[in-house]
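*Asks:* Here it is: the structure, laid out below.
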Amino acid sequence: MRTATPPPVAPAGDHHDLAVVLFAVIVLVTLGITFWAGRRRGGGADDFYAGGRDFTPLQNGFALSGDYLSAASFLGVAGLIALFGYDGVLYSIGFLVAWLVVLMLVAELVRNAGRYTLADVLALRLRRRKVRAAAGGASVVVTLFYLVAQMVGAGSLVALLLGTNSAEARTWTIVAVGGLMIVYVTVGGMRATTWIQIVKAFLLVAGSVLLTVLLLVRFHGDVAELMRQAAQHSGAGQRYLEPGLKYGKSFTSRLDFFSLGLALVLGTAGLPHILSRFYTVPTARAARRSTMWAIGLVGGFYLMAIALGLGATALVGSAEVRHANAAGNTAVPLLALVLGGGNGSTGGVVLFAVISAIAFATILAVVAGLTLASSAAFAHDIWAGAWRGRPRRTRGGRGVRGSRGRRALVPASRRARGGADAATGTTTAERTEDGAPVTTERQEVLVARIAAVGIGAVAIVLSLFAQQLNVAFLVGLAFAVAASANLPVLLYSLFWRRFTPRGAVWSVYGGLIPAVVLVAFSPVVSGTKVALFPGVDFHWFPLENPGLVSIPLGFLAGWIGTLTSPEPADPDRYAELEVRSLTGAGAA
Amino acid sequence: MPAPTAPTAPAVSAPSAGADAEGGPSDDASTEVYRSVQNSLAFQRIRHSYRSFVFPVSGVFLAWYLLYVAAQAAAPGLMRTPVAGPVNVAWLLGLLQFATTFLLTWLYARNARTQRDRAALSLRWDTQDQLR
C-alpha cells in the first residue's frame, strides 16, 4: 500500500479528530471571507444581490459550478454509482445536459433583460404585481425545497463523517449549518457568497482530481479493469454495468426515472440561485463564457464522479459502502481512506479528513447561495415589487393598471442613479421625487437581510421535521418544481410574442400547484415504509417525481391563459424585451 | 459615453447606460426607439442568426437526451449489448451524451462569436444613443 498523499500533518489517531479540525478551518475561512466581503459593501442592492456585477467569467464559472455541485452530487451521485453502477451514471447525465438549456436559451437573455431575479425578466414585459408575486413566490418555494434537501443531507452527512450517528448530532448540525448560512448571507451578501462558492468549487475539483489520479494510478490507467473489478465487487456481477439495477424493477419505476430525467434536464434553467449568478458578471458575453466554464467544470466533475463511484465499488465493495450508509453517501470518503493507505495509516486518515471537509464546505456554500436567492426573491419581488409596488411606480402616481404610459418597471427603481454609481454599485439614492411612499434600495436590502434570517429559520425547522426523507429525492423534487413553475413562464416571456400577464400567472401556478399537490399524494408522503408519514396511506399518484405531469401542465396552463386573455399582448413591451435581451441595450 | 464607432470597446463600461436611458426620454419615446430597432434589418439579422441556431439545436439535444433516457425503459435488451470489453451500448451512449454536450457548447459559442456578438454590440450602442 503506497501513500501518495501529502506529508502527514496530524498524529495518526482516530480519523474523525482531524476531520473535526478541518471542519473548523473551513468554518473559519468562510467566515473570514464573509466579513472581508461584508466590510467592502456599500449597502446598495447591486452589491447585495449581484456582488457588484464585476466578477470575471472564470470566477463566475467556478461559482456556478460551486452552486450546482451540491453534496448530493459530490457524495450522492458517486454513492449511487457505487451502489447501482450504470443507473447512477444515468443520473449524472441529466445534471450535465441541463446546462445546454441554460447556455443556449437562458443565460445571455436573462443577463441582458433582468437585474437581480427571475421575476425581473418577466416584469420587463408583463408589468403586473400579480406576475411578480407569482414568480417570486415560486422562487421561494423552489429554493426552500432545495434548501431543506441540502440541510437534511448536511445533518446526516456531518454526523456520519464525524463518526456519530445520534439524532442529537444531526439536529445540532442542521441548526449550526443554518446559523452559518444566515451569517454568510446577511453579512456578506452576494459578494461573500460568490467567493465562498469559488473557494468551494476549487477545493471540490482539486479533491476530485487528486482522488481520480490516485485511483487511476492504482489501476495503471486501465479503465476497463476498473469497470471489471467494480462489477466483481458489486455483488451484482455484470448487471452492475447494465441499466435497471435501481430503476428497472417495474414499469412504474422506469417511468419514475423518466420523470426525474425530464425534471433534471429542464429544472436547472429555472433554479433561482443559478439564474441570479448571471447578474454577477458585467455583460451577456461574460454570462455565456461563465456558463461555458461551468459546463466544463461540471462535465469534468461528473466524469470523475463516475470513476470514483466505480473505484469505491472496486476497492471498498458495495456491501461495505451500503453498510456505512444505506444511501451510499460515504462512498467517496471511504474510497479516500483506502486510496490513502487504508484505515490506521496516516495517508488514509489525512485523505479521509480532507475529503470530508470538502464535502462540508460544499454543503455550507450551497445553502448560502440558496438562502441568498430566496431572500432576494422575497425582498425584491414579493416585498418591494408586489406588495409595496416600488418597481412599478409611475411618474404620475400609482394604481393605473394599464401598461402604456407607465415607467419602465425594473430600471425605474434605479433611474435616479447616475451611470457611474450603477457601474460601481456602491451608492444608494434615497429618492422621494415622486411623492409616493417609496421604498428605497437601502430599505429593500434591509428587508432582504431580515428575510434571509427568516428563511433560514424556516429552513432549519422544516429540515428538522424532514430528517428521514431521502436527499436525492428532495433535490429531484426541487428540480421538478423549478421546471414546472419557473421554466415555462421564462421561455414564454423570452420567445412568445403573444404571451400575456394572465398566461404568466397561470403558467406559474399551473406548474407549481400540480407539482406540490402530486407530491403530497405520492408514495413519498404516505403509503410506504420510507414515506414522510409511514403510518397512513392517502397516496394515489404512483410516481415519486411529479415532473412528467406537472411540467407539461405548466406549459399548457401558460398557453391556455394566454389564449383566453381578455387583453392582447402589448407589442411595445415585447419589442423592448426582445431588443434588450438580444443586444444588451439598457442592461443593468 | 457609449461610442457607436467603437463596437470592439470592452462592454464592461456599458452597464451604466441602461439606468439613465430609462430616466431620459419619456416612455413613449423609448418605446418608439425599441419598436424601430426591432423592425430594423440589423436586429432581425441578429435574431435570425440566434434563433435559427438555438431552436433546432435545442430540439435535437433534448430529443437525443430524452430518447437516451427512454431507451433504458423501452429497450433494455439493446442497451445491454456489449460493445468492447466491459463497455456496452448503454455506457457508450452515456459517454456520447458527455461528448455531444461539450461539442454543442463549443458550436454555440463559435456561432455566437462569429455571427452575432459584433452586430449585437454595435446595435446596443446605437440603441442606447437613440434612447438618451
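*Asks:* Taking the Cα centroid of the range B:68-95 and of the range A:237-270, what is the distance between the two, rounded to the nearest whole Å?
*Replies:* Cα centroid to Cα centroid, the span is 13 Å.
*Asks:* Same structure, new question: Label-point separation (nm) for residue B:44 and residue A:202, each offset 7 Å from Cα along Cα-to-Cβ?
*Replies:* About 5.0 nm, to one decimal.
*Asks:* Count, for each residue of B:90-102, the Cβ atoms from other chains sitting within 10 Å of its Cβ, then give me the mean as a whole number.
*Replies:* Per residue, the number of nearby Cβ atoms from other chains is 5 on average.
*Asks:* Obtain the nm distance between the two label points defined at residue B:83 and residue A:220 by a simple spin-label model: each point lies 7 Å from its Cα along the Cα-to-C-beta direction.
*Replies:* It works out to 2.5 nm between the two label points.
*Asks:* Which distance in Å, rounded to a whole number, links the C-alpha centroids of the range A:181-205 and the range A:473-525?
*Replies:* 28
*Asks:* Within the set of other residues whose C-beta is less than 13 Å from the C-beta of residue A:292, count the net charge using Lys and Arg as +1 and Asp and Glu as -1.
*Replies:* Within the 13 Å Cβ shell, the charges total +4.
*Asks:* Could you run the numbers on buried accessible area between A and B, total for both chains, 1.4 angstrom probe, in Å² to the nearest 100?
*Replies:* 6000
*Asks:* Further question: How big is the range A:292-380 by Rg and Dmax over its Cα atoms, in Å?
*Replies:* 16.4, 53
*Asks:* Computing the accessible area with a 1.4 Å probe over protein heavy atoms, can you report the carbon and sulfur percentage for the protein assembly as shown?
*Replies:* 66
*Asks:* In addition: Which of the lysines could a cross-linker bridge to residue A:200, judged by Cα under 26 Å and excluding same-chain residues fewer than eight apart?
*Replies:* none
*Asks:* For residue A:529, which lysines qualify as cross-link partners when the Cα separation must be under 18 Å and same-chain residues fewer than eight apart are set aside?
*Replies:* A:246, A:249
*Asks:* Could you tell me the distance between the Cα centroids of the range A:320-378 and the range A:36-92, to the nearest Å?
*Replies:* Taking the Cα centre of the range A:36-92 as reference, the centre of the range A:320-378 is 15 Å away.
*Asks:* Please give the helix A:129-161 orientation as an angle from the longest Cα principal axis of chain A, in degrees from 0 to 90, rounded to the nearest 10.
*Replies:* Orientation of helix A:129-161: about 20 degrees from the principal axis.
*Asks:* Where Rh is the Kirkwood radius over the Cα pairs of chain A, the temperature 4 °C and the viscosity 1.567 mPa s, what D in µm²/s does Stokes-Einstein return?
*Replies:* My calculation gives 53 µm²/s for D.
*Asks:* Which value results for Rg/Rh of the range B:17-131 when Rg is the Cα radius of gyration and Rh the Kirkwood radius based on the inverse mean 1/r?
*Replies:* Result: Rg/Rh = 1.26.
*Asks:* Put a dot 7 Å past each Cα toward the Cβ at residue A:532 and residue A:56; how far apart are the dots in nm?
*Replies:* Taking the simple label geometry, residue A:56 and residue A:532 are separated by 4.5 nm.
The values are calculated or read from the model by the stated rules, or taken from the named source; none is laboratory data. Worth saying up front: this structure is predicted, and the values here are computed from it rather than measured. In this analysis, Cβ positions are derived from the backbone assuming ideal geometry, glycine residues included, and neighbour counts consider all displayed protein chains. For accessibility, only protein heavy atoms count, side chains too; no ligands or nucleic acids. Shrake-Rupley method; radii C 1.70, N 1.55, O 1.52, S 1.80 Å.
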